[in-house]
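Undergrad: Sharing a structure with you now.
The values are calculated or read from the model by the stated rules, or taken from the named source; none is laboratory data. None of these values were measured; they are calculated from a predicted model. Note: ideal-geometry Cβ built from the backbone for every residue, glycine included; neighbour counts use all protein chains shown.
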Amino acid sequence: MKVSGFTFIRNAILYDYPILEAINSILPLCDEVVVAVGKSDDETLALIQNISSPKIRIIETKWDLSLREGGRVLAEETNKALAETNNDSDWCFYIQGDEVVHEKYHKSIKEGMQKWKDSAQVEGLLFKYLHFYGSYDFVGDSRKWYRREIRIIKNNLPIKSYKDAQGFRLNDRKLQVKEIDAYIYHYGWVKPPEQQSEKIKNFQKHWHSDDYVKKNQPEESFDYGEIDSLKAFEGTHPQVMAERISKQNWNFDFDPTQKNFGFKNQLLYILEKASGWRVGEYRNYKVV
């Protein structure tokens, strides 16, 4: 079995993306990792070039910001990296610049790829998600966070990144997938408050018009306290995150027993926690 990893990144240093941790977390499972490095305002290219692995293959790209509405430029960059993966790979493993795989899931991920490698019915593998928020000690547990997404896809099919690069489609239809017993750890909402505000400003530029961005600037220091619901994280973080976590230089205290819901969302939250069913959940995939 052969596996190609792929990802994209731009301005990783400027906006504090854990891209090195992301890449290193999937490297043991991949025969190669293609990294599309967009023309940046910092030393992102040098950062990736300094990864000491012969598995890394870099392609340099230029982001087309005319595709920013709805985040389409993110899907375009994803597709550029995907297109450069080796044709003889069985699977392609996608990771975003703020996502990390815990090493404890490597075995189950590999077993899932092996089990479904020759199944024409299975076009992708579905991961569960943990969305860290505010610090490395809390995760979001409300309806605002997506619970699952595709991160491994079959190679040599006309599969493309969909909309803002959250998932994938095959000829504009949902992929047929199997869920595996593994989580993606999403760290996109764990940064110093000032840097989180800068990241949001930058991200808005890939979604909205100049006029919208100008009128909707976040505060200089992002307020992590304005959140509906969190729970304490009781597990361990991936080993590749250890150094980054040790350098956290801000405090975020939160009482997870406090919930900030309207009446309807409180009822939906209680129902989901009791039954595991999320009413009206958006699923960009079909479990088979």
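Undergrad: Name the single residue, out of those in the range 159-196 being modelled with pLDDT of 95 or more and surrounded by fewer than 17 Cβ atoms within 10 Å (Cβ to Cβ), that is farthest from H102 (Cα to Cα).
TA: R173
Undergrad: Something else now. Residue check: is K128 touching a residue at least 12 places away in the same chain (Cβ under 8 Å), closer than 20 Å to E234 by Cβ and surrounded by fewer than 17 Cβ atoms within 10 Å (Cβ to Cβ)?
TA: In short, yes.
Undergrad: Please pick out the residue among N284, N260, N265 that is modelled with pLDDT of 90 or more, in a helix (DSSP H, G or I) and surrounded by 12 or more Cβ atoms within 10 Å (Cβ to Cβ).
TA: Every option except N265 fails the conditions.
Undergrad: Cβ contacts < 8 Å: first residue touching a residue at least 12 places away in the same chain (Cβ under 8 Å) and among the polar types (S, T, N, Q), restricted to the range 144-161; second residue assigned to a strand (DSSP E or B) and surrounded by 17 or more Cβ atoms within 10 Å (Cβ to Cβ), any location; separation 6+ or different chain. Result?
TA: Matching pairs, first to second residue: N155/S4; N155/W91; N155/C92; S161/G167; S161/F168.
Undergrad: State which residue is nearest to I19 (Cα to Cα) when the search covers only the range 32-75 and only residues that are at pLDDT 95 or above and of a type in the set (S, T, Y).
TA: T44
Undergrad: Still on this structure, I have one more. Just for the range 1-44: of the residues that are more than 18 Å from the chain's Cα centre (by Cα) and of a type in the set (K, R), which one is farthest from A83 (Cα to Cα)?
TA: Across the range 1-44, the extreme among qualifying residues is K39.
Undergrad: Inside the range 1-26, can you point out the residues that are outside any loop (DSSP other than H, G, I, E, B), hydrophobic (A, V, I, L, M, F, W, C) and surrounded by 20 or more Cβ atoms within 10 Å (Cβ to Cβ)?
TA: V3, F6, F8, I9, I19, A22, I23, I26
Undergrad: Checking the conditions here, which among T78, T85 is surrounded by 17 or more Cβ atoms within 10 Å (Cβ to Cβ) and within 23 Å of A182 (Cα to Cα)?
TA: From the options T78, T85, the qualifying one is T78.
Undergrad: To continue, here is another question. Is there any pair with a first residue in the range 27-51 that is in a helix (DSSP H, G or I) and a second that is of a type in the set (S, T, Y) whose Cβ atoms are under 9 Å apart and which are 6 or more apart or on different chains, and what are they?
TA: Every condition considered, the pairs that remain are L27/S53; T44/Y17.
Undergrad: R147 versus (1) buried (at least 21 other Cβ atoms within 10 Å of the Cβ); (2) farther than 28 Å from K247 by Cβ; (3) of a type outside the set (A, V, I, L, M): which is the lone unmet condition?
TA: (1)
Undergrad: Here's something else I'd like to know. Could you grab me the full set of residues in the range 218-251 that are without any contact (Cβ under 8 Å) to a residue 40 or more places away in the chain and either among the aromatic types (F, W, Y) or assigned to a helix (DSSP H, G or I) (or both)?
TA: F222, A242, E243, S246
Undergrad: Just one of (1) at pLDDT 90 or above; (2) out of contact with any strand residue (DSSP E or B) (no Cβ under 7 Å at 6 or more places or on another chain) trips up A232, so point out which.
TA: All conditions pass for A232, except number (2).
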